[in-house]
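The values are calculated or read from the model by the stated rules, or taken from the named source; none is laboratory data. Every value quoted in this text rests on a predicted model; they were computed, and no experiment measured them. Note that we place each Cβ from the backbone using ideal geometry, even for glycine, and neighbour counts take in every protein chain shown.
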């Protein structure tokens, strides 16, 4: 019996290669936990690992920096696991908006809007 599979693959080029993100050392509701290894050494020289939650974790909401934020410039091409969290967040923001309720599986963003709709009142989806 021959089986036919159809995959929805959408070619994707990141709108930016490098961006600055705000991280926090304490766990907060609605923030995405990021393992230090997901940042490929981007924290070296910026923060001591002893300051991290359980020695391994930073937290972000992908929003502009608030009080006590640690700003770290992340190369989204090199830090693919962090990029995966970030793009899932953008996907959640896009698909939770009213304009995309019929197409929850797909999202598109343009370079001009990729950092302008970061706030999410419903919380983050970070798998």
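A few notes on this one:
- Checking each residue in the range 15-34 for being under 18 Å from residue 92 (Cβ atoms) and part of a loop (DSSP other than H, G, I, E, B) picks out 15, 28, 29, 30, 31.
So that you can scan it fast, the table gives a plain yes or no per residue for (1) in contact (Cβ under 8 Å) with a residue 12 or more places away in the chain; (2) over 11 Å from the mean Cα position of the chain (by Cα); (3) surrounded by fewer than 17 Cβ atoms within 10 Å (Cβ to Cβ):
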| site | (1), (2), (3) |
| --- | --- |
| 15 | yes, yes, yes |
| 26 | yes, yes, yes |
| 35 | yes, yes, yes |
| 45 | no, yes, yes |
| 58 | yes, yes, no |
| 62 | yes, no, no |
| 67 | no, yes, yes |
| 72 | yes, yes, no |
| 81 | yes, no, yes |
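- Residue 120 falls short on exactly one of the conditions (1) out of contact with any helix residue (DSSP H, G or I) (no Cβ under 6 Å at 6 or more places or on another chain); (2) surrounded by 15 or more Cβ atoms within 10 Å (Cβ to Cβ); (3) modelled with pLDDT under 50, and that condition is (1).
- Selection from the range 45-74 of residues that are closer than 16 Å to residue 15 by Cα and touching a helix residue (DSSP H, G or I) at 6+ places or on another chain (Cβ under 9 Å): 62, 74
- When the range 53-96 is filtered for residues that are farther than 19 Å from residue 41 by Cβ and at pLDDT 90 or above, the ones remaining, listed by number, are 61, 62, 63, 64, 65, 66, 67, 68, 69.
- Test result for residue 99, at pLDDT below 90 and loosely packed, with under 15 Cβ neighbours inside 10 Å: yes
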